[in-house]
Number of protein chains: 4
Amino acid sequence: MLYFNCDYTEGAHPLILQKLEETNLQQTVGYGEDPYCQQARALIREACAAPEAGVHFLVGGTQANFTVIRAALRPHQGVISPVTGHINCHETGAVEATGHKVLEVPCGPEGKLSPAQVEALCREHFAGSMPPEHMVQPKMVYLSHPTENGALYSKEELTALRRVCDQYGLYLFLDGARMGYALASPQTDVTLPDLARLCHVFYIGGTKCGALFGEAVVITDPDLNRDFRYAIKQNGGMLAKGRLLGLQFLTLFTGGLYQQICQKAVQQAFRIAAACQKAGIETYAPSPTNQQFFIFPDEQLRRLEEKYVFSFWEKVDEGRTAVRICTSWATRDEAVDQLNADLLALAP
Amino acid sequence: MLYFNCDYTEGAHPLILQKLEETNLQQTVGYGEDPYCQQARALIREACAAPEAGVHFLVGGTQANFTVIRAALRPHQGVISPVTGHINCHETGAVEATGHKVLEVPCGPEGKLSPAQVEALCREHFAGSMPPEHMVQPKMVYLSHPTENGALYSKEELTALRRVCDQYGLYLFLDGARMGYALASPQTDVTLPDLARLCHVFYIGGTKCGALFGEAVVITDPDLNRDFRYAIKQNGGMLAKGRLLGLQFLTLFTGGLYQQICQKAVQQAFRIAAACQKAGIETYAPSPTNQQFFIFPDEQLRRLEEKYVFSFWEKVDEGRTAVRICTSWATRDEAVDQLNADLLALAP
Amino acid sequence: MLYFNCDYTEGAHPLILQKLEETNLQQTVGYGEDPYCQQARALIREACAAPEAGVHFLVGGTQANFTVIRAALRPHQGVISPVTGHINCHETGAVEATGHKVLEVPCGPEGKLSPAQVEALCREHFAGSMPPEHMVQPKMVYLSHPTENGALYSKEELTALRRVCDQYGLYLFLDGARMGYALASPQTDVTLPDLARLCHVFYIGGTKCGALFGEAVVITDPDLNRDFRYAIKQNGGMLAKGRLLGLQFLTLFTGGLYQQICQKAVQQAFRIAAACQKAGIETYAPSPTNQQFFIFPDEQLRRLEEKYVFSFWEKVDEGRTAVRICTSWATRDEAVDQLNADLLALAP
Amino acid sequence: MLYFNCDYTEGAHPLILQKLEETNLQQTVGYGEDPYCQQARALIREACAAPEAGVHFLVGGTQANFTVIRAALRPHQGVISPVTGHINCHETGAVEATGHKVLEVPCGPEGKLSPAQVEALCREHFAGSMPPEHMVQPKMVYLSHPTENGALYSKEELTALRRVCDQYGLYLFLDGARMGYALASPQTDVTLPDLARLCHVFYIGGTKCGALFGEAVVITDPDLNRDFRYAIKQNGGMLAKGRLLGLQFLTLFTGGLYQQICQKAVQQAFRIAAACQKAGIETYAPSPTNQQFFIFPDEQLRRLEEKYVFSFWEKVDEGRTAVRICTSWATRDEAVDQLNADLLALAP
């Protein structure tokens, strides 16, 4: 079977394993205060043009999400998220488990949040007909970039979101679990320095972008950064051998590796999308990143699934199903070639 | 100004104050273990035909809601609620503050949850395409009776809801903050013994039905009842002078007082509704209880609001607004007469 | 039986019931925004010489404690308490249930916390041998006045505690569940304005000092006061008929009632203490307030407990037991006379 | 500098890196459901002689501790721990952050909990003079083996602890972050099957015993195991590339590697202890595992610390300091030789 269902089916980029091997018997201090973590932090600050930012390495995405949110909010405050946001759907209520309501907002197939939606929700809270203290106070906007559906925010959209956040005193928090594929998309106008400028806090995903595991949380707001290491420890995210995270991000941010391997993955995804289109397969939602969404007649899908694993997305109607086809830094050319051949064979 | 905006603008039924006065200088043990609480418990068990039920007196509704939910659920479990449920809208995220997601389900203007909705949500969780552990596990159904919009469940609906709960191992929890007005409605076929039989836990509201404050939580499920007094204490609901609650429910459940005073309130509400209809005022949603919902042209409303306080419900369109008109055990005949005269004067 | 076990065995001072009666059928807005709450707030601010303080009425002490602590602390912060502090022993872990560790510090029989203890704990945290983020950060000092054992802090002690708090950025929070008996003690040099000046937040107990229930939380720190109403609502402490709290504190703070009734209670306690001493009964710990602690031979105690209820405090040794004897605003002269006669009869 | 301060200064045993390398480009499903995790589970169940046990791989120790505790306890329940327990001291209040009080019990320099202490605490709670619901209900015993101070429980002690747990309905939870060094100690009579039989849940540490990271939680109580994967996900412990954990434990439990490498470490520790004794350095507390505790005159320590890193333990008196000297699977013979030479040179 060939897996195209997600971007975490393999281990890590070989250079990362090599780095772990080279340094394996060195002795360093623990908990992320070793020289490798320091170097990785410096490289990330530089890539973000944010020399003062706090950079913290956490093990995984759910952990990064709830640790940031819990550290940022007072108990009566909540976080605005599109209804399809990862924190709202697929983290077993981890945010609620820290005591905070996810204030969900409807969204279209792209999975994006609009500045107008945030504005409306805040206006209703702070200037509505009810005394506000009977409702959860909005204090943070959560979005992912790319979204769960592979879409990207434009610089203009992010700028407008930040403007609304400033107007109502909200934090802007961007989940970048698939950040590499956003930065590497030919259709983006958003850079890491843009994100560092526009967000109070965001993270650069490692797990899905070439690392064994790990997310680099970048905090540009000094208040949020204060005491953040306590939050990491309390929430179980402080790795004893913290250098494992430092070494991985050091490797990814040396010589442009992060950008290169994600760019390749996006190209692979585009090749598959082109084959689908040629084969007359209907697009579910267009995506400029490594996730592609198509609608297959169930009979065709059954046959493809004898050789390939996709990710079920939605039952579109009686006889058709939307699936996600996903590439990664590890997707081999031959795998794409084979898939494409089988897709083209579906053409009527 | 005459207040018709809610059912907690006055103090308590005079017999309750009289009871407090009579017993004021008696010495009793604290924390709800005094003889008055014991007597009130016995009367409530009898009224519920539930001789084994746990009966616990809490101070308020939000407290009763989150205390029950927190005590019942394990951390990864959530509670299904209609989107307009009080716990979902107007309790400042108190349930989430105890760590649990409110699994909101859309609902119509009546504010009711249907068995089919609960079934669909559970089926998707336990037998959907995703491994369930990435999502919050549904474990409880929360509904209010009357609903936020004054509607009532039928015995058939509650029976069907309980059937789905049994199928998926969910608790059925009924918020009865306005219970008295439900039991006293001429349009209900649901009795206290029905509720005790169909719900795992519910409460009988005092605050809005004649008491100074207080809600009587009735727990028919022995597992839920175990250690519930720890939960009350931990969540700040254990009144030192617990007898104040016992005395109030003792009074309300003696000689049918609870039923009588709520029946009167429903009749008053029906008188107002009749006047509205006669005056040609549009109904927003029909209600068989003490809350009535009407749509007024804004100009009419402005004039009425010089003399009356209503509760804003919704802006229906550019020039019209829906309001709630609410009676209570304390609503005086003369107040209704005056309001009705002013309503009838609006007739074209 | 005559109860001397605690100060909440009766209802409320008759003037309070009278006030409830007089106002019973008036209509007011809910949730503590009515005119009676406003008047009570004004009187309390005046009594505290703190014109800018936030004053909030909560139903009970446990609720007041965890609501204040939860609202004040970030998740990684804890509250320093003497090991015998009410929050550490007798609130079913309500503070921990909001996510915060109680940093307990040993204390003597008086139940007091010393500035040196707080200083040592903070120095170890912030300047110890461990990186601080592996431990809970101290952020608040909790103390009660009178303490659980009836002792009082002097103005000098409170001033020194505040100085340490300022040095380490801690909040000073004083639990005044029995505040009235502290203020009314002939042995105190601490006034309400002193407390308002020295504490960031404290509360004036009603439940144990003449009210049916209720605690008035006074917040002098503007940061702590911001959004505190959300905290009250979220934690189940916002009474729908909030005026019930306002009316009680309005009564207590009119014409010096609070001071008078507590003074009487302290005098009664002193009369009992004098009788004990005359009878040669050993003092467990001296107390300048309404709680008195004595050590009885078990055989004597058994006989007294045929007529009186005391509060068990500690098994001192094989044959002797320490008990608390407690008076209140409601203790009748005749009850004290009778007890004293029986105590004196014990004299060898 | 040579690090003897802890057992997590290097990466992983070379066979683990080799295994990661070999499997790196294989595609597997995520979240711990891959074949490597399944194989590792089978090996661990076999090693524990517990064919029905749940085995779950978590990333770190703090995470394992609070995830287990949160999943096991109802909100009003707490966990008994020696005062020096890791959960009580060095996890930033992670357990309290999940809402549960750590019921600390004093302990001697060995850091052990006695059955009598547990019995006394439970008896006081369930059969004391106070109604129990005002206090946190004990429901779990937490201990570590080896303890924080390197001591070991005997089979008899663990059997007695389990007996008390059964008597009061408590769970017995054993933190085995350094499990390997316990099992490999020449002075233990406790085996993995013993632990599986005596504990309801325990974990086998990887991070400090040869892995890059990871702890294998073994749950023998079926109630505790139910829905545990939800708990892992909600608490941020479910690694997307879960196989990384499976591969490591698979390697450690193949061919007795875990036992071998930990045995070597204990021998190294004993060699150092022997040198200390020969040099006349005072023992702080004897330890049968890889941690050794000695008291040095400060002047000697200063000189040693020019070449070696130890772990500060306690200031014993004005001029002397206790330190921990720690070996691990990675400690090289030459490093021990060099240290020993320097230690012996201290001999008078």
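The values are calculated or read from the model by the stated rules, or taken from the named source; none is laboratory data. Predicted model, so just to flag it, every value in this text is computed and none were measured. FYI the Cβ positions are ideal-geometry reconstructions off the backbone, even for glycines, and counts take in every protein chain you see.
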Original post:
For region D:1-16, what are the residues that are touching a residue at least 40 places away in the same chain (Cβ under 8 Å) and not in a loop (DSSP other than H, G, I, E, B)?
Top reply: D:L2, D:Y3, D:L15, D:I16
Original post:
Can you name the residue in region B:7-36 that is crowded, with 18+ Cβ neighbours inside 10 Å, of a type outside the set (D, E) and under 20 Å from B:M179 (Cα atoms) and is also nearest to the chain's Cα centre (by Cα) among such residues?
Top reply: B:Y8
**OP:** Just give me the residues in region C:21-44 being in contact with a strand residue (DSSP E or B) (Cβ under 7 Å, 6 or more places away or on another chain) and free of Cβ contacts under 8 Å to residues at least 12 places away in the same chain, in sequence order.
**Re:** C:Q27
Subject >> Residues of region D:181-208 satisfying the condition of being buried (at least 21 other Cβ atoms within 10 Å of the Cβ) and of a type outside the set (A, V, I, L, M, F, W, C) >> reply: D:Y181, D:S185, D:H200, D:Y203, D:G205, D:G206, D:T207, D:K208
**OP:** Go through region D:58-85 and count every residue that is assigned to a helix (DSSP H, G or I), farther than 16 Å from D:L224 by Cα and of a type outside the set (V, I, T).
**Re:** 2
**OP:** For A:R320, work out the one condition from (1) among the charged types (D, E, K, R); (2) out of contact with any strand residue (DSSP E or B) (no Cβ under 9 Å at 6 or more places or on another chain); (3) more than 28 Å from A:P186 (Cβ to Cβ) it doesn't fulfil.
**Re:** (2)
**OP:** Please verify whether region A:1-19 includes one or more residues that are within 14 Å of chain D (Cβ to nearest Cβ), farther than 29 Å from B:L73 by Cα and in contact with an Asp or Glu (Cβ under 7 Å, 6 or more places away or on another chain).
**Re:** yes
Original post:
Within region B:234-244, which residues are buried (at least 24 other Cβ atoms within 10 Å of the Cβ) and out of contact with any Cys (no Cβ under 7 Å at 6 or more places or on another chain)?
Top reply: B:Q234, B:N235, B:G236, B:G237, B:M238, B:L239, B:K241, B:L244
Original post:
Going by the conditions given, is C:C326 crowded, with 21+ Cβ neighbours inside 10 Å, under 21 Å from the mean Cα position of the chain (by Cα) and not hydroxyl-bearing (S, T, Y)?
Top reply: yes
Original post:
Do we have any residue at all in region A:164-180 that's under 17 Å from the mean Cα position of the chain (by Cα), among the small types (G, A, S) and surrounded by fewer than 24 Cβ atoms within 10 Å (Cβ to Cβ)?
Top reply: no
**OP:** Determine whether region D:41-57 contains at least one residue that is at pLDDT 95 or above, within 13 Å of chain A (Cβ to nearest Cβ) and in a helix (DSSP H, G or I).
**Re:** no
Original post:
What's the number of the condition D:R74 fails, among (1) away from chain A (no Cβ under 14 Å); (2) basic (K, R); (3) crowded, with 21+ Cβ neighbours inside 10 Å; (4) closer than 24 Å to C:Q77 by Cα?
Top reply: (3)
Subject >> Only listed residue being within 27 Å of A:D337 (Cα to Cα), hydroxyl-bearing (S, T, Y) and modelled with pLDDT of 95 or more, chosen from A:T251, A:T289 >> reply: A:T289
Original post:
Out of all the residues in region D:86-118, which are in a loop (DSSP other than H, G, I, E, B) and either within 14 Å of chain A (Cβ to nearest Cβ) or modelled with pLDDT of 95 or more (or both)?
Top reply: D:H90, D:E91, D:T92, D:G93, D:T98, D:G99, D:H100, D:K101, D:P106, D:K112, D:L113, D:S114
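Looking only at residues in region C:119-140 that are touching a residue at least 60 places away in the same chain (Cβ under 8 Å) and at the interface with another protein chain (Cβ under 9 Å from one of its Cβ atoms), which one is surrounded by the most Cβ atoms within 10 Å (Cβ to Cβ)?
Per the criteria, the residue is C:V136.
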Original post:
What number of residues within region D:296-321 are over 24 Å from D:E10 (Cα atoms) and not in a helix (DSSP H, G or I)?
Top reply: 10
Subject >> Any chance A:E148 is assigned to a helix (DSSP H, G or I) and either out of contact with any strand residue (DSSP E or B) (no Cβ under 6 Å at 6 or more places or on another chain) or farther than 21 Å from A:A116 by Cβ (or both) >> reply: no
Original post:
What about C:A211, is it closer than 23 Å to C:Q248 by Cα, buried (at least 24 other Cβ atoms within 10 Å of the Cβ), within 14 Å of chain B (Cβ to nearest Cβ) and not basic (K, R)?
Top reply: yes
**OP:** Could you tell me whether region B:143-153 includes any residue that is of a type in the set (F, W, Y) and within 25 Å of C:T28 (Cβ to Cβ)?
**Re:** no
Subject >> Inter-residue pairs, beta-carbon under 8 Å, first farther than 14 Å from B:S144 by Cβ and in region B:53-70, second of a type in the set (D, E, K, R) and surrounded by fewer than 24 Cβ atoms within 10 Å (Cβ to Cβ), 6+ apart >> reply: B:A53/B:R45; B:V55/B:R41; B:V55/B:R45; B:H56/B:R229
Original post:
Counting only residues that are out of contact with any Phe, Trp or Tyr (no Cβ under 7 Å at 6 or more places or on another chain), closer than 21 Å to C:V68 by Cα and among the small types (G, A, S), how many does region C:43-55 have?
Top reply: 2
